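Enquirer: What follows is a single structure, and I will ask about it in a moment.
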Amino acid sequence: MMLSYLMLLLVLKSMIKKTNPEAVLMAGCGWCTYRPKEMMMLNPEVDIVCVGEGEITIQEIVEGKQYSDIKGIWYREDGEIIETAPKPLIDNIDTLPYPAYDLMPMDIYFKHSATMDSLEAMQSKRRVDGCYERGCPRSCAFCSHNGASRYDLVMIHGKETVREMDAEYGFQDVARWNSPKYIAEHTWYLINEFNCDFIMNLDENLCSNKKRVFEMCDRFISEGLNKKIKWGSLGDSASVSDEMLYKMKEAGCTYISYGGESASDRILLKDIGKGTTRAHNQHAVDCMKRVGMRPLMTFQIGFPSETIDDILETTHFFVVNNIKS
């Protein structure tokens with residue numbers, strides 16, 4: 001699947017440049033953010049690489065701003081590949097507009113949008129994804145946030161540069177969230193404009209910000225959104241409680257998928273560094289069962305120091321808890 005996607009991109013960028021040599025091609029997200037120069041060297045058709053968040057960057061490019069004055073990009077000039085100053089994280093993501101749903105083939109998307117995460121998700125006819133968090137308070141060794149977190153900035157630019165950015169722009173956070181007001185307004189928009197019946201909240205770690213979870217759920221309940229739409233989310237096994245899950249369920253949540261990663265405490269501590277334990281994972285599963293929500297949890301194998309005993313611990317946890325993934 002990934003190979004086919006990459007092959008398609010290779011063909012498309014060549015076709016675009018052949019058809020319109022004056023077209024400006026900008027690449028961004030994951031690999032580009034961490035290896036921008038290599039990306040440009042391997043893809044001579046690419047004119048600009050955006051490091052990290054791109055909303056402000058692409059606006060500056062379209063407005064005709066000089067590349068040298070645009071922070072957070074690599075660009076070509078006279079045969080050279082040039083890096084500009086790092087761009088700070090967007091301080092208030094409530095200022096960002098909604099995705100341009102009207103430019104997407106929504107009916108085709110809805111036709112294939114149901115998932116098996118819960119009965120409500122499976123029965124949904126017009127499910128859509130929403131993402132209201134950038135970054136994550138956890139610092140798993142295997143994870144990145146495409147330049148949208150303090151952790152990423154440190155990896156890309158180094159600690160000293162990030163401290164300098166703190167002094168100039170304010171503290172660069174490990175995670176940023178849309179406000180409950182923004183989420184509720186966005187949800188009403190999806191209901192009123194597209195008749196959506198289910199939202200998959202793709203926040204990387206919704207439950208980690210407890211205060212925001214309760215505020216968001218209270219808003220959904222007070223505005224009656226819980227009667228209009230159902231939703232699911234990704235969660236944090238160390239942060240959940242029965243009280244939180246009952247509130248989420250009342251607000252319309254039908255499932256939470258946790259990143260358990262491993263059921264071996266040794267691997268969780270040594271190779272992952274997430275700050276969670278097998279006991280946290282067990283607690284999250286037990287809480288879900290008590291409140292009558294479907295427990296979902298994802299695991300991985302193949303960590304650097306992992307042994308067959310660690311894998312068996314994870315397998316045992318998966319089986320005895322009847323986990324769905």
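The values are calculated or read from the model by the stated rules, or taken from the named source; none is laboratory data. None of the values given here were measured: they were computed from a predicted structure. We place every Cβ from the backbone using ideal geometry, glycine too, and count neighbours over all the protein chains shown. To get the accessible areas, we keep the full protein, side chains included, count just its heavy atoms, and leave off ligands, DNA and RNA. Shrake-Rupley method; radii C 1.70, N 1.55, O 1.52, S 1.80 Å.
Enquirer: Give the residues of the stretch 273-318 that are of a type in the set (A, V, I, L, M, F, W, C) and within 30 Å of ALA251 (Cα to Cα), sorted by residue number.
Expert: Within the stretch 273-318, ALA279, ALA284, VAL285, CYS287, MET288, VAL291, MET293, LEU296, MET297, PHE299, PHE317, PHE318 meet the criteria.
Enquirer: Also, quick follow-up: Being surrounded by 20 or more Cβ atoms within 10 Å (Cβ to Cβ) and either at pLDDT below 95 or of a type in the set (Phe, Trp, Tyr) (or both) is the filter; apply it to the stretch 206-217 and report the residue that is farthest from ARG127 (Cα to Cα).
Expert: This residue is SER208.
Enquirer: While we're looking at this one, here's another question. List pairs: first in the stretch 297-320 and farther than 14 Å from ASN281 by Cβ and free of Cβ contacts under 8 Å to residues at least 60 places away in the same chain, second polar (S, T, N, Q) and part of a helix (DSSP H, G or I), Cβ under 7 Å, 6+ apart or cross-chain?
Expert: ILE301/THR314
Enquirer: Would you tally the residues in the stretch 65-92 being on the phi > 0 side of the Ramachandran plot and either within 25 Å of the chain's Cα centre (by Cα) or at pLDDT 95 or above (or both)?
Expert: Within the stretch 65-92, residues that are on the phi > 0 side of the Ramachandran plot and either within 25 Å of the chain's Cα centre (by Cα) or at pLDDT 95 or above (or both) number 1.
Enquirer: Which strands (runs of 3 or more DSSP E) does the stretch 104-195 wholly contain that include 3 or more residues that are surrounded by 20 or more Cβ atoms within 10 Å (Cβ to Cβ)?
Expert: 133-135
Enquirer: Ok, one more. Going through GLU53, GLU45, GLU60 one at a time, which residue ends up being open to solvent by less than 80 Å² (accessible area, probe 1.4 Å), modelled with pLDDT of 85 or more and closer than 19 Å to ASN146 by Cα?
Expert: One residue alone meets the criteria, GLU53.
Enquirer: Restricting to the stretch 300-322, count the residues that are within 23 Å of the chain's Cα centre (by Cα) and surrounded by 19 or more Cβ atoms within 10 Å (Cβ to Cβ).
Expert: So the count comes out to 1.
Enquirer: Can you name the residue in the stretch 76-103 that is assigned to a loop (DSSP other than H, G, I, E, B) and more than 20 Å from GLU168 (Cα to Cα) and is also least open to solvent (accessible area, probe 1.4 Å) among such residues?
Expert: So the residue we want is LEU96.
Enquirer: Against the condition surrounded by 13 or more Cβ atoms within 10 Å (Cβ to Cβ), closer than 28 Å to ASP166 by Cβ and not hydrophobic (A, V, I, L, M, F, W, C), how does GLY72 come out, does it pass?
Expert: Criteria met by GLY72.
Enquirer: Restricting to the stretch 196-208, name every residue that is in a strand (DSSP E or B) and touching an Asp or Glu at 6+ places or on another chain (Cβ under 6 Å).
Expert: Hit for the stretch 196-208 is MET200, nothing else.
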